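This report refers to the structure that appears directly beneath it.
Throughout, read-outs are computed from the coordinates displayed, never taken from laboratory work. Bear in mind the structure is a predicted one, so any value in this text is a computation, not a measurement. Ideal geometry is used to build each Cβ from the backbone, glycine not excepted, and the neighbour counts take in all protein chains shown.
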Amino acid sequence: MKKWFKILLGGFVLLLVAFFGLRTWTKSFSPEALEKIEKAGFTAEITYCRPSKKGRVIFGGLVPYGKVWRTGANEATVIQLGQDTNIAGSVLPKGNYSLWTIPQQDEWTIIFNKETGQWGTNYNPEEDILKVKVTPRYTADTVEMFTISFHSKGNDVEMVLAWDNVQVAVPMKKAN
């Protein structure tokens, strides 16, 4: 009996070490980042991983047009909203959501999904709580590493997704 317990315990420890080793290895290529904003009663925090361009064609290539993208690398990107939030004209309740996108050349769909904690390829559309459409902006400057940032615009906030020569601004503000 002791022998089987030791074997099971050894197997569990080996799996645990392999899991954390793999996680560390993947994060070395696409490091984890945290962005947050606190402004006049509005709070938001986003945790995501930052893949690099590395000379690749990003949108329409590595990230195909018309398909759901994990909006980063590794685990699904997670946004935490500290209040009910008006996002591009629709209200999203306070809480934690995974963030997904469907890039297109002339319009992006931004998806907030109730499921969090999953690997970034495990998207379940049945858990979508809000989808909004926004227009991408194309720039002359190239962003090497995928970046999500928050920018103040008067009393409102924009969550900006930037990579390669594309920027997507998602308008947000505290819901009334």
Gyration tensor verdict on the range 74-176 (Cα atoms; rounded if a/c is under 1.5, prolate if a/b is larger than b/c, oblate otherwise) = oblate
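For the range 107-148, take the alpha-carbon Rg, divide it by the Kirkwood Rh, and send me Rg/Rh.
On the way: Rg = 13.6 Å, Rh = 12.8 Å.
Computed over Cα atoms, the ratio is 1.06.
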List, in order, the whole-Hz ³J(HN,Hα) value for each residue of the range 44-61 obtained from phi through the Karplus relation with A = 6.51, B = -1.76, C = 1.60 and θ = phi - 60°; use x for Gly and Pro.
-> 8, 9, 10, 10, 7, 10, 10, x, 10, 5, 6, x, 8, 6, 8, 7, x, x
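Can you sort Val170, Val132 by how many other beta carbons sit within 10 Å, fewest first? The partial results should precede the final answer.
On the way: Val170 20, Val132 16.
By the 10 Å Cβ count, ascending, the order reads Val132, Val170.
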Residues meeting the amide H criterion for Val143 (H placed from the backbone, H to H distance under 5 Å, 5 or more places apart or on another chain) are Asp164, Asn165, Val166
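Set the bar at 22 Å for Cα to Cα. Now go through Lys94/Lys131; Lys67/Lys153; Lys94/Lys114; Lys53/Lys174; Lys39/Lys114; Lys36/Lys114 and name every pair that lies beyond it. Spell out each step's value before the answer.
Details: Lys94/Lys131 16 Å; Lys67/Lys153 30 Å; Lys94/Lys114 11 Å; Lys53/Lys174 34 Å; Lys39/Lys114 25 Å; Lys36/Lys114 20 Å.
In this structure, Lys67/Lys153; Lys53/Lys174; Lys39/Lys114 lie more than 22 Å apart at Cα.
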Candidate values (1) -0.37, -0.45, -0.66, -0.73; (2) -0.32, -0.40, -0.73, -0.85; (3) -0.29, -0.36, -0.59, -0.68, label of the one derived for log10 I(q)/I(0) by the Debye sum over Cα atoms at q = 0.08, 0.09, 0.12, 0.13 Å⁻¹ = (3)
Where labels lie 7 Å past Cα in the beta-carbon direction, separation of Gln118 and Tyr138 in nm | 3.3 nm
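Using alpha-carbon pairs under 8 Å, 6+ residues apart, how would you state the relative contact order of the range 35-152 in percent? Please report the intermediate quantities before stating the final value.
Numbers: 228 pairs, mean separation 30.5, N = 118.
Here the relative contact order equals 26 percent.
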